[in-house]
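Engineer: Can you keep this structure in mind? I'll have questions shortly.
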Amino acid sequence: MRSFAYSRAADVESAVADVSADPTSEYLAGGTTEVDMLRLGVVRPRRVVDINDLPIAAIEELPDGGTRLGGLARMSDVAAHPVVRERYPMVTEALEKGASAQLRNMASMGGNLMQRVRCSYFRDGDRACNKREPGSGCAALDGVNRTHAVLGTSEHCIAAHPSDAAVALTALDAVIRLRGPEGERTVAFDDFFLLPGDAPEREHPIGHGELITAIDLPVLPVARTSHYLKVRDRESYEFALASAAVALGTEGGTVTEARIGLGGVATKPWRARRAEQALAGSEAGPEAFARAADAELADAVPRGMNGFKVELAKRTMVRALTEVAARTRGGTA
Amino acid sequence: MSIPPQIGRGVPRADAHAKVTGAARYSAEHRPTGAVHAVLVCSRVPSGRITGIDASRALVSEGVLAVLSHLNLPRVAAQPRLIPSLAGTTAHGQSFFPMQDERIHYAGQPVAMVVADTLERAEHAAELVGVDYAEEPWTTTVDQGRDRAYEAEHIFGGFVPGRTDRGDVEAGLAEAETVLESTHRFAANHHNAIEPSAATAVWEDSKLTLYDTTQGPTATRLTVAELLGVPPSNVRVVSEFVGGSFGGKAMIWAHPTLAAMAAQHVRAPVTLALTRAQTFSNTGHREEQEHTLTLGARSDGTLTAIRYRKLSPTSHFDDWAEPSLGPAAQLYACPNFEGVYDLVRANTMTPTFMRAPGEGTGAFVIETAMDELAHELGLDPLELRLRNHADTDPETGNPWSSKGLRECYARGAELFGWHSRDPRPVQGARREGDWLLGTGMASAVYPVYSVMNPQRARARVYADGRAVVETGCSDIGTGAATVMGQVAAEALGMQSEAVTVHYGDTELPNTVAAVGSAGAGAVSAAVHTAARKLRDQLVAQALADQGSPLYGADPDEIEVRSGRMSLRGSPGTGEAYGEMLGRNMTFDAEAVGSWQPPGRDSGYGTATFGAQFAEVAVDPGLGLVRVRRMTGVFAPGRVLNRRTAHSQLMGGMLWGLGQALLEATHMEPNQGRWANPSLGEYLVPVNADTPDVQVEMLEVEDRVVNPLGVKGVGEIGQVGAAAAIANALFHATGRRFRDLPITIESVMAPA
């Protein structure tokens, strides 16, 4: 492990100023990923600025009826919050299916969005990885790629985005609030995650030193009937092979609004817009669900060991839609 | 007042408090004054030669004391030769020692070692060591080497022949009315004990003390002494706490010797702890394997022939395969058997023992094949097994020293509710929403190995009424030390709580390594002998002591309870051990006990048996399998501590669950190294996967295996568990799953 300097920031302004001023510095929040990466030598900051004292951990209702999750709010606190549980059940479910209880007590919401991929070629310092070492190649393309992505991939990177919570948040159209040296700005959730394209090392459209201060959840009545379904090898402490966050509104059996996020199968938290469009105005039933899933996965690119994920993603989406549709009917009956 | 027998009681572990509070110190946590750290640099290529090592950057890095490699490390004093640790002598894990020349045999082979004042600085400097390789072609998997396979002469360190025959398999197959052939593939597995292997080496002049994470302190002593060329008596090995092992610490790997060499070089105590990733290539593994089985049977289910071939990769220096053919050879009364081990030379280290080595894979094959045969013949799977029950050892015709398998079947079936089972193995016959339900069963067998060396222990009673028993064995988390206290207490006529066990140290009387489920039987024999000898000695002393109320009494009339000797039927007449010692101004009394094992040819078949049952729920749409409950009934001879035995058996069954559904180490196909060397990627079951596990022990009397009739519980719990799960999956879905682990993609019904 390389030596690095450590400091603890007292307020947002000084934290942002400290990191912005030094291109070799990084923020440290819960540390549940960052410390791993430091030990593996995958990230090599000269300086780490601990932001755990910053007053951005609150979970609060906004005047417009939305909900603000502080960037430092712990995953476990968000999952347990009564407003989140009631208005955005898929967020709670996604959080509670992520990591382990111990990790959720430490990990921050901002860190959850910033977490790095679990691709073993990325995490092992001497294998080809364009994300870690731009231009070095991608060993996963024809390597052990069972857990890799089939959507949003490129010839340069096929690593799957690991977050569960982000899958629910993308379906919600959450908004990310950033604080940088230049002041505050907001970024739409889906825009916050970049496809790997030919620059997989660039994951977010943010500048060095910009800090996630909050994630705003909009008013979205349909989200009250929502569900997160996660398929994985074991029942806890494991990443998704496929997951779906689904919110569904129906009227007289017809879909009025669908929000769908996919996880475990894409290089970013995947907003399933094609599926949403296919569902709008359709009868909420197995045929429309299957059509929507087919539409979303039409451009999937399987490789080697992960071919099953195309079908698994479809089935996961259909299953989640079926579950929520049943609840919708139950609610209106 | 009645005092319950000490043997069998569910006494809580003596070391539990130290372990859960963090007071227990493991090998890497011993910090002698001036101790420094060594970190290994391991080969990233699987084959070839080192063309250059550039240590210059590492050597100038802060805190670095030395960079050692084949260029400056002394040669070892002996060529290592693989011998299983059960033999009680040196226990080299492979016939190869690294950092002796420029040759690379496998990825992960140590090529250099950095010593620095702190662990972090050593780790950092290890990254700075530049190693250049000339890579050469390599083979790391069965598929890559299949066309170069050869039939082994011997496997398992020379202990098991490469080919076994009985009867006439061709004739048996000709006689068969049903012939089934199946091929089964197993992913490689790694032990992943929670404590990665580590050693701390301390030299004082010519004497070496090693704090080592080992199943056998004596094995470490003899092996390290041989490699260093020093007398074994100059090497002391201490191994009080071992954080799990499962076979990964049964053999003595390079790192304790390397730690000792580094300590010699820098003239300071050195700790060398493997990283989790390094344990994957430095402490052995269960090899990838492919089994092909042919079963012949008459229409009534009677087996007429078993033909079995196993193909697996081994290293370039040893013919190793785990002996997977045992269960098929030993479980059923089939007169005709042929078994062959085929090997492929591969660029891996020598594979090694891993919990139920051989039985874990072999029982999966024979027991899923028996399920298939039962289905083909329209028989209940349990009934088919009863029809083929081996009343004598099918390999030798010898009687069993004890068995109990029929009783295990019967009790397991009763507990599990087997007989009310719906026999139809049809997809969806039993359904709860998206979940299809099924049940399955399997037999379990694990050999009772005979240890070879005399087993020794020392017992001492102090005038304050407490006793100490000393034995060199290690306790790898099984509760062995707690159990030995009970055995001593029983023989001394004391309460377990008054007995302290000292263990895990080569300065103590020697016993076998904690391997092969043999430790409890062997060590208890020595402890019981020593303690019984001490009791008799103390009683004799009292009877000869004119000051004792028992003076002149008949020794056969003496009983000892809670450390007090008294006349049978007249409990008021007597005195405590301590009273007598104190009156005679004696501080303590001591006896040494030794047990000479009977040797390999006892004239009996010796094995532990059991029956496994499992219920699964399968979601074929999403490929999910949930094991809902498991029932295991085992006949492990005498049970020494029902609490720790229960834990061993339950843990074994959950290992079977992991083997069935999760555990796999993949070879990176383009790089020839393990692709997932971490606990994040090598999946073992977590609590959320853990079903309701029911364990029952049926004690059977065994007068052959060892004095207390202990057959061991360390491994039998795993045997057959995966087969019961796979058979339940067939029952739920109508589909056969022959390869392990059974993954989501294999369970997902085709689109």
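Rundown of residues vs (1) surrounded by fewer than 24 Cβ atoms within 10 Å (Cβ to Cβ); (2) in a strand (DSSP E or B); (3) of a type in the set (Ser, Thr, Tyr), yes/no style:
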position	(1), (2), (3)
B:248	no, no, no
B:256	no, no, no
B:262	no, no, no
B:291	no, yes, no
B:295	no, yes, no
B:310	no, yes, no
B:319	yes, no, no
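Yes/no matrix, rows are residues, columns are (1) away from chain A (no Cβ under 14 Å); (2) touching a strand residue (DSSP E or B) at 6+ places or on another chain (Cβ under 8 Å); (3) assigned to a loop (DSSP other than H, G, I, E, B); (4) more than 24 Å from residue B:404 (Cα to Cα):
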{"residue": "B:613", "(1), (2), (3), (4)": "yes, yes, no, no"}
{"residue": "B:633", "(1), (2), (3), (4)": "yes, yes, no, no"}
{"residue": "B:649", "(1), (2), (3), (4)": "yes, yes, no, no"}
{"residue": "B:659", "(1), (2), (3), (4)": "no, yes, no, yes"}
{"residue": "B:663", "(1), (2), (3), (4)": "no, yes, yes, yes"}
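Engineer: A further question follows. Condition first: more than 13 Å from every other protein chain (Cβ to nearest Cβ), crowded, with 18+ Cβ neighbours inside 10 Å and not β-branched (Val, Ile, Thr). Now tell me which residues in segment B:101-129 satisfy that.
Structural biologist: Hits for segment B:101-129 are B:105, B:106, B:109, B:110, B:112, B:113.
Engineer: Considering A:145, A:130, which residue is under 30 Å from residue A:308 (Cβ atoms), within 14 Å of another protein chain (Cβ to nearest Cβ) and crowded, with 23+ Cβ neighbours inside 10 Å?
Structural biologist: Selected residue: A:145, the only one of A:145, A:130 that is under 30 Å from residue A:308 (Cβ atoms), within 14 Å of another protein chain (Cβ to nearest Cβ) and crowded, with 23+ Cβ neighbours inside 10 Å.
Engineer: When you look at residue B:134, is it away from chain A (no Cβ under 13 Å), surrounded by fewer than 22 Cβ atoms within 10 Å (Cβ to Cβ), within 30 Å of residue B:56 (Cβ to Cβ) and touching a Ser or Thr at 6+ places or on another chain (Cβ under 9 Å), yes or no?
Structural biologist: yes
Engineer: Restricting attention to segment B:571-579, does a residue exist that is within 14 Å of chain A (Cβ to nearest Cβ) and touching a strand residue (DSSP E or B) at 6+ places or on another chain (Cβ under 6 Å)? Talk me through it step by step, then tell me what you get.
Structural biologist: Here is the first cut: in segment B:571-579, the residues within 14 Å of chain A (Cβ to nearest Cβ) are none.
No, there is no match, as no residue in segment B:571-579 is within 14 Å of chain A (Cβ to nearest Cβ) and touching a strand residue (DSSP E or B) at 6+ places or on another chain (Cβ under 6 Å).
Engineer: For the subset of segment B:711-751 comprising residues that are among the β-branched types (Val, Ile, Thr) and either surrounded by 24 or more Cβ atoms within 10 Å (Cβ to Cβ) or touching a Phe, Trp or Tyr at 6+ places or on another chain (Cβ under 6 Å) (or both), which member is nearest to residue A:311 (Cα to Cα)?
Structural biologist: From segment B:711-751, those among the β-branched types (Val, Ile, Thr) are B:713, B:716, B:719, B:725, B:733, B:742-744, B:747; that's our starting set.
Adding the requirement that they be either surrounded by 24 or more Cβ atoms within 10 Å (Cβ to Cβ) or touching a Phe, Trp or Tyr at 6+ places or on another chain (Cβ under 6 Å) (or both) leaves B:713, B:716, B:719, B:725.
Details: B:713: 43, B:716: 39, B:719: 34, B:725: 25 Å.
The qualifying residue nearest to residue A:311 (Cα to Cα) is B:725.
Engineer: So, one more: Filter segment A:224-242 down to the residues that are surrounded by fewer than 24 Cβ atoms within 10 Å (Cβ to Cβ) and facing another protein chain (nearest Cβ under 10 Å) and list them by number.
Structural biologist: A:232, A:233, A:234, A:235, A:236, A:237, A:238, A:239
Engineer: Follow-up question, since we're still on this one. Let me confirm something: among A:223, A:199, which residue is over 30 Å from residue B:617 (Cα atoms) and in a helix (DSSP H, G or I)?
Structural biologist: Just a single option satisfies the conditions, and that option is A:223.
Engineer: Right, something else. Residues in segment B:665-679: is at least one crowded, with 21+ Cβ neighbours inside 10 Å, among the hydroxyl-bearing types (Ser, Thr, Tyr), farther than 30 Å from residue B:638 by Cα and touching a Pro at 6+ places or on another chain (Cβ under 8 Å)?
Structural biologist: For segment B:665-679, residues crowded, with 21+ Cβ neighbours inside 10 Å, among the hydroxyl-bearing types (Ser, Thr, Tyr), farther than 30 Å from residue B:638 by Cα and touching a Pro at 6+ places or on another chain (Cβ under 8 Å): absent.
Engineer: Another one. Please give the number of the condition residue B:690 fails out of (1) more than 22 Å from residue A:99 (Cβ to Cβ); (2) within 10 Å of another protein chain (Cβ to nearest Cβ).
Structural biologist: Every listed condition holds for residue B:690 apart from (1).
Per-residue answers, yes or no, for (1) in the same structural domain as residue A:291 (by TED's automatic domain parsing); (2) outside any loop (DSSP other than H, G, I, E, B); (3) within 16 Å of the chain's Cα centre (by Cα):
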| site | (1), (2), (3) |
| --- | --- |
| A:228 | yes, yes, yes |
| A:234 | yes, no, no |
| A:238 | yes, no, yes |
| A:257 | yes, yes, no |
| A:260 | yes, yes, yes |
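Engineer: With the checklist (1) in the same structural domain as residue B:94 (by TED's automatic domain parsing); (2) surrounded by 21 or more Cβ atoms within 10 Å (Cβ to Cβ); (3) more than 23 Å from residue B:277 (Cβ to Cβ) in hand, flag the one item residue B:67 doesn't pass.
Structural biologist: If we test residue B:67 against (1) in the same structural domain as residue B:94 (by TED's automatic domain parsing); (2) surrounded by 21 or more Cβ atoms within 10 Å (Cβ to Cβ); (3) more than 23 Å from residue B:277 (Cβ to Cβ), just (3) comes out false.
Engineer: Still on this structure, please answer the following. Kindly list the number of the only condition in (1) free of Cβ contacts under 8 Å to residues at least 24 places away in the same chain; (2) buried (at least 21 other Cβ atoms within 10 Å of the Cβ) that fails for residue B:585.
Structural biologist: Only one criterion in (1) free of Cβ contacts under 8 Å to residues at least 24 places away in the same chain; (2) buried (at least 21 other Cβ atoms within 10 Å of the Cβ) is unmet by residue B:585, namely (2).
Engineer: Can you find, within segment B:731-751, the residue that is farthest from residue B:444 (Cα to Cα) among those that are away from chain A (no Cβ under 14 Å) and not in a loop (DSSP other than H, G, I, E, B)?
Structural biologist: Among residues in segment B:731-751 that are away from chain A (no Cβ under 14 Å) and not in a loop (DSSP other than H, G, I, E, B), the one farthest from residue B:444 (Cα to Cα) is B:733.
Engineer: When you scan segment B:192-232, how many residues do you find that are farther than 24 Å from residue B:480 by Cα and touching a strand residue (DSSP E or B) at 6+ places or on another chain (Cβ under 9 Å)?
Structural biologist: Number of matching residues: 11.
Engineer: Let me ask something else. Of (1) surrounded by fewer than 22 Cβ atoms within 10 Å (Cβ to Cβ); (2) within 30 Å of residue B:701 (Cβ to Cβ), residue B:565 satisfies all except one. Which?
Structural biologist: Status for residue B:565: all satisfied but (1).
Engineer: Regarding residue B:709, is this residue more than 10 Å from every other protein chain (Cβ to nearest Cβ) and under 18 Å from residue B:194 (Cα atoms)?
Structural biologist: Here the answer is no, as residue B:709 does not meet what is asked.
Engineer: Of a type in the set (Lys, Arg), in contact with a Ser or Thr (Cβ under 6 Å, 6 or more places away or on another chain), at pLDDT 95 or above and more than 21 Å from residue B:702 (Cβ to Cβ) - does that describe any residue in segment B:451-461?
Structural biologist: yes
Engineer: What are the residues in segment B:667-683 that are touching a residue at least 12 places away in the same chain (Cβ under 8 Å), of a type in the set (A, V, I, L, M, F, W, C) and within 8 Å of chain A (Cβ to nearest Cβ), if any?
Structural biologist: Scanning segment B:667-683 gives a single hit, B:683.
Engineer: Can you confirm whether segment B:472-479 contains a residue that is in a helix (DSSP H, G or I) and surrounded by 24 or more Cβ atoms within 10 Å (Cβ to Cβ)?
Structural biologist: no
Engineer: Condition check: in the same structural domain as residue B:578 (by TED's automatic domain parsing) and either outside any helix (DSSP H, G or I) or in contact with a strand residue (DSSP E or B) (Cβ under 8 Å, 6 or more places away or on another chain) (or both). Does residue B:440 satisfy that?
Structural biologist: no
This table checks each residue for (1) assigned by TED's automatic domain parsing to the domain that holds residue B:510; (2) polar (S, T, N, Q); (3) in a helix (DSSP H, G or I); (4) surrounded by fewer than 19 Cβ atoms within 10 Å (Cβ to Cβ).
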| position | (1), (2), (3), (4) |
| --- | --- |
| B:357 | no, no, no, no |
| B:364 | no, no, yes, no |
| B:374 | no, no, yes, no |
| B:382 | no, no, yes, no |
| B:415 | no, no, yes, yes |
| B:424 | no, no, no, yes |
| B:427 | no, yes, no, yes |
| B:436 | no, no, no, no |
| B:445 | no, no, no, no |
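Engineer: Let me ask another. Kindly indicate whether any position in segment B:722-730 is out of contact with any strand residue (DSSP E or B) (no Cβ under 9 Å at 6 or more places or on another chain), more than 14 Å from chain A (Cβ to nearest Cβ) and more than 19 Å from residue A:232 (Cβ to Cβ).
Structural biologist: no
Engineer: Looking at segment A:279-333 only, could you name the residues that are surrounded by 17 or more Cβ atoms within 10 Å (Cβ to Cβ), at pLDDT below 95 and outside any helix (DSSP H, G or I)?
Structural biologist: none
The values are calculated or read from the model by the stated rules, or taken from the named source; none is laboratory data. From a predicted model like this one, the values you see are computed outputs, not experimental measurements. Reconstructed Cβ throughout: ideal geometry from the backbone, glycine too, with neighbour counts over all protein chains shown.
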